[in-house]
1. Count, please, the residues in region 130-153 that happen to be touching a Ser or Thr at 6+ places or on another chain (Cβ under 9 Å) and not small (Gly, Ala, Ser).
2. When you go through ASN137, ASN146 one by one, which is the residue that is open to solvent by 40 Å² or more (accessible area, probe 1.4 Å) and at pLDDT 95 or above?
3. Select from region 169-205 the residues that are open to solvent by 50 Å² or more (accessible area, probe 1.4 Å) and among the aromatic types (Phe, Trp, Tyr) and list them in ascending order.
4. Mind listing whichever residues of region 81-121 are at pLDDT below 95, open to solvent by 40 Å² or more (accessible area, probe 1.4 Å) and more than 24 Å from LEU5 (Cα to Cα)?
5. Can you name the number of the only condition in (1) crowded, with 16+ Cβ neighbours inside 10 Å; (2) farther than 28 Å from VAL20 by Cα that PHE152 fails?
6. For region 9-37, which positions are farther than 12 Å from LEU76 by Cβ, open to solvent by 50 Å² or more (accessible area, probe 1.4 Å) and modelled with pLDDT under 95?
Amino acid sequence: NALMLNTIKEQLQKFPILPVSPKPDLETAAAVMLILHGDSSNPLLVLTERAAHMNSHPGEVAFPGGMWDPDDGDLLTTALRETEEEIGLSADRIRPIAMLPSASPKTRNLMVRPFVGIAEGALDFTPQPSEIASIFNLPIAPLTDNQQYQYFEVGEGDDVVSLPFFAYQDYRIWGFTLKVLVDMLNATLGVQIKLHYPDGAQLEKLRKRGK
């Protein structure tokens, strides 16, 4: 699709950026940045692999981003600050264009606000070694094909659940990251990717086990 990136940008106008800060009663809030770049017919998305020694989600694929700090003011500032800290891409290289619905990773009591930004030109990344094991570019096009998605099992005994994932090179993209990505593509490209997730009770068991 020669106009893929243009279509995504056009459709993202449905998700304007508003000044949002965490509610006072919300202890934990975070923001992430979906950075789109490259050829408009074959756009790429920047993803990170979290360092293996991290306390939360070690070794998992994630968007650049992190926890809100009161000095940030709003959550867009959080997303841009954390992106620069984690991957070395400064805020002036990113043009924020959309704010997606906030979501909660199923295994943590946390609200995350995803933003979408466009980056122009060649991008140089510098991973923060204390947090990031690697940085890679994921082509968007393969994500539009329902046949590309697979499932893996998590849990033990009667508590085994099946979770969707997308494999790219040696990376497994799943969980919150995959859901935000697929929701965005469904909303902008009309691709109707249908993934099957465990029900609420099963996910709550997973959360309690810290998976």
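The values are calculated or read from the model by the stated rules, or taken from the named source; none is laboratory data. Worth saying up front: this structure is predicted, and the values here are computed from it rather than measured. Every residue, glycine as well, gets a Cβ built from its backbone with ideal geometry; the counts of neighbours run over all protein chains shown. These area figures cover heavy atoms from the full protein model, side chains too; ligands, DNA and RNA do not enter into them. Shrake-Rupley method; radii C 1.70, N 1.55, O 1.52, S 1.80 Å.
1. Our first condition is that a residue be touching a Ser or Thr at 6+ places or on another chain (Cβ under 9 Å); within region 130-153, this holds for 131-136, 141, 151-153.
Of the ones still in play, those that are also not small (Gly, Ala, Ser) are 131-132, 135-136, 151-153.
Of the residues in that region, 7 qualify.
2. Values: ASN146 fails: at pLDDT 95 or above.
From the options ASN137, ASN146, the qualifying one is ASN137.
3. Within region 169-205, TRP174, TYR197 meet the criteria.
4. Correct list: SER104, LYS106, ARG108, ASN109, MET111.
5. It is condition (1) that PHE152 fails.
6. At the first step, the residues of region 9-37 found to be farther than 12 Å from LEU76 by Cβ are 9-15, 22-30, 34-37.
Of the ones still in play, those that are also open to solvent by 50 Å² or more (accessible area, probe 1.4 Å) are 9-11, 13-14, 23-27.
Those that are farther than 12 Å from LEU76 by Cβ, open to solvent by 50 Å² or more (accessible area, probe 1.4 Å) and modelled with pLDDT under 95: LYS23, PRO24, ASP25, LEU26, GLU27.
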